[in-house]
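Here the structure comes first, spelled out in structure tokens, and everything after it is commentary.
The values are calculated or read from the model by the stated rules, or taken from the named source; none is laboratory data. Bear in mind that the values here come from a model prediction, so they are computed numbers and not experimental data. Neighbour counts are summed over all protein chains in view; Cβ atoms, including those assigned to glycine, are modelled from backbone coordinates with ideal geometry.
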């Protein structure tokens, strides 16, 4: 049985079809990349999976249970965590308090949540910033904070939305290494990424979207040679 099953998911915004009958499955322990040009429907798909949007058609199952249309907090409790393309830290709280918010989902008391939050701050390399306010962090540090907060919810499946987006080139290798460490924690990963070098280096399987449709699904070396993907990124001339 697959850990995550997405079956025929369609999501519209008025006359715009953001996701068109998308289907795929993710097995326990996989690291699957999701790629596609801007407007391909990648983040919308994450929003459907995590309950921020209800699809017009199709369904989502997690660990065999139907989660289509459930609230985001219910889905988080079931074991799906996520980060966001647009960073959403609690800027008036400290770095430690931000991660404690995630840990309190399962921790029986604040003291336990604090201990768990410190563990995940150490994991993402922010332990020395625990007392700083989230608003003081750089973009790269905020990306790490989001991952720590999501991990603190103790997910079985973690959705990462453009971890390397908007950061300077010097920060990218560290973030790539962090994704590998998250996988070592036993988490299954579904990763949206625009940087092809990054996704080729971390994923054993890639799903490509274009204009809301899934146009490829397979090993990275096969997907990047797919004519439809090349045309979507570079145009028909290059394809």
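Couple of notes before you dig in:
- Residue 58 being modelled with pLDDT under 95 and under 17 Å from residue 23 (Cα atoms): no
- All of (1) in contact with a strand residue (DSSP E or B) (Cβ under 9 Å, 6 or more places away or on another chain); (2) at pLDDT below 95; (3) farther than 24 Å from residue 162 by Cα hold for residue 66 with one exception: (2).
- Only a single criterion out of (1) modelled with pLDDT under 95; (2) surrounded by fewer than 18 Cβ atoms within 10 Å (Cβ to Cβ) is not satisfied by residue 156, namely (1).
- Close contacts from segment 146-157, counting a first residue that is more than 14 Å from residue 105 (Cβ to Cβ) and a second that is in a helix (DSSP H, G or I), with Cβ to Cβ under 8 Å and a gap of 6+ residues or different chains, come to 147/124; 147/178; 147/182.
- Evaluation of residue 53 against (1) surrounded by fewer than 22 Cβ atoms within 10 Å (Cβ to Cβ); (2) at positive phi (one fails), failing number: (2)
- Condition met for residue 121 (out of contact with any helix residue (DSSP H, G or I) (no Cβ under 8 Å at 6 or more places or on another chain) and crowded, with 17+ Cβ neighbours inside 10 Å): no
- Of all residues in segment 170-192, one or more are touching a strand residue (DSSP E or B) at 6+ places or on another chain (Cβ under 9 Å), closer than 20 Å to residue 86 by Cα and modelled with pLDDT under 95.
- Counting only strands (runs of 3 or more DSSP E) that fall entirely inside segment 1-70 and contain at least 1 residues that are under 20 Å from residue 203 (Cβ atoms), in contact (Cβ under 8 Å) with a residue 40 or more places away in the chain and more than 17 Å from the chain's Cα centre (by Cα), the qualifying elements are 16-26.
- Some residue of segment 195-206 being buried (at least 19 other Cβ atoms within 10 Å of the Cβ), modelled with pLDDT of 95 or more, assigned to a helix (DSSP H, G or I) and in contact with a strand residue (DSSP E or B) (Cβ under 8 Å, 6 or more places away or on another chain): no
- Positions within segment 101-117 being under 20 Å from residue 181 (Cα atoms) and surrounded by 18 or more Cβ atoms within 10 Å (Cβ to Cβ), in sequence order: 102, 103, 116, 117
- Scanning segment 138-158 for residues that are farther than 17 Å from residue 103 by Cα and touching a helix residue (DSSP H, G or I) at 6+ places or on another chain (Cβ under 6 Å) returns a single hit, 140.
- Filtered residues of segment 79-97 (kept if without any contact (Cβ under 8 Å) to a residue 24 or more places away in the chain and surrounded by 16 or more Cβ atoms within 10 Å (Cβ to Cβ)): 97
- There is at least one residue in segment 215-233 that is out of contact with any helix residue (DSSP H, G or I) (no Cβ under 9 Å at 6 or more places or on another chain), buried (at least 19 other Cβ atoms within 10 Å of the Cβ), in contact (Cβ under 8 Å) with a residue 24 or more places away in the chain and in a helix (DSSP H, G or I).
- Filtered residue count, segment 126-136, keeping only those that are in contact (Cβ under 8 Å) with a residue 24 or more places away in the chain and surrounded by fewer than 17 Cβ atoms within 10 Å (Cβ to Cβ): 4
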